[in-house]
Amino acid sequence: APEKMDPLFQKLSDFTFEKVLDVGVHSKTCSLLVKSKDQARLAIIFLEKTSFDEERIQSLLEQDTPLQMVFQNDIYSQHLVAVAEPHNEAKVTVIYPCTDKHVRKYSRQALFCVRETAEDYKTVTEPFLLNHQFDMKWVYNILDGKAEVERVLYDDPNPNSGFLLLPDLKWDQKRMEDLYVTGLFRPPIKSLRELRKEHLVMLRNMLTKGKEVIRKCYGVFGCQLRVFLHYQPTYYHLHTHFTHLCYEGLGTSPERAHLLEDIIDNIEKDSEYYAKCNLTFLTKENELLTHEYREKRPHYFD
């Protein structure tokens, strides 16, 4: 049975401010390092401005809201406005308690591309991953039906080819153009590098059934979806991302996203494709994996 979880925090004043980790100008996000007042433990608050609601936007023009002009040139002018409710909502994600890994992940950092060979994976990446991973209890809570049960769109319990589908927390489930759904595979596979021909049934199942469920639930057709896996992934339990083609985000860039249909084609041609090929991945300056590569492959950062 699912565990009943009471909210840990009721208001933002339950925290005290420590510092700003990052501000996303284009994504309209902000990452804060904070401390809980009751237990004095560190947490991360991730703030994201929500999109405007098309059904309620008309009421914005009915409010007596003053405009502060920034500039005017011929027919063009730009203004600032303090938008009132209900148009000023922000989505808040809390990671509590957070670890040093979380702090590094949500901090502003320089980005680098690493071109990983099969030998690099065997001698640098894989040994590193065995010792440095995020706690994935939250993933197994979902797969085991202990958490977020009410959010699950589809669940195939087959231990060899099954998966679970649910809306990603990045999506507020309002605008279909922002659609973002995550598929968690049931077999314990870490990443793209471990996929072989015996996984084709599982991959095709995710692709076909995932599109079918999304069309049934949201009315979005498969030809309107971008279906991909990340490399390197954020967490090392194999999962798939389903986004609307109109969705724009760092995770859809070619340095990270590998289309699931392309993955299936590559494995059909060569079962060992992802064991042998070179793979580019994006890494951040302060990530431990970056430090590992700087030490063992310094020429990659020339």
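The values are calculated or read from the model by the stated rules, or taken from the named source; none is laboratory data. Keep in mind it's a predicted model, so treat the numbers as computed, not measured. Don't worry about glycine lacking a Cβ; one is built from the backbone with ideal geometry, like all the others, and counts go over all protein chains shown. Just the protein is used for accessible areas: all its heavy atoms, side chains included, with ligands, DNA and RNA removed. Shrake-Rupley method; radii C 1.70, N 1.55, O 1.52, S 1.80 Å.
Taking the three principal axes of the alpha carbon atoms in the chain, the coordinate ranges are 64, 52, 47 Å, sorted in descending order. Taking the 1.4 Å solvent-accessible surface of the chain as the whole, the part contributed by carbon and sulfur is 52%. Here Lys197 is the anchor, and the aspartates and glutamates within straight C-alpha reach of less than 13 Å, apart from those fewer than 8 places off in the same chain, are Asp265, Glu268, Asp270, Glu272. Report summary: the helix-based calculation at 222 nm, which adds -39500 (n - 2.57) for every DSSP H run with n ≥ 4 and divides by the residues of the chain, gives -6000 deg cm²/dmol.
One Cα centroid belongs to region 5-36, the other to region 46-94; the line between them spans 22 Å. Springs join every pair of Cα atoms under 10 Å in this Gaussian network model of the chain, and among His237, His26, His87 the largest mean-square fluctuation is at His26. Summarising the overall dimensions of region 45-201 from its C-alpha atoms, the Rg and Dmax are 22.4, 64 angstrom.
Extension gain for Cys223 to Lys296 (0.36 nm times residue separation, less C-alpha to C-alpha distance): 22.0 nm.
In the context of the full set of protein chains, the chain has a per residue accessible area of 59 Å² (1.4 Å probe).
Residues considered: Ala118, Ala110, Ala43. Largest GNM mean-square fluctuation over the chain, using C-alpha springs under 10 Å, is found at Ala110. Label sites at Leu250 and Lys137, each approximated as a point 7 angstrom past Cα along Cα to Cβ, lie 2.7 nm apart. Scanning the chain for DSSP H helices at least 20 Å long along the axis (C-alpha atoms) with a Kyte-Doolittle mean no lower than 0.0 picks out 200-218.
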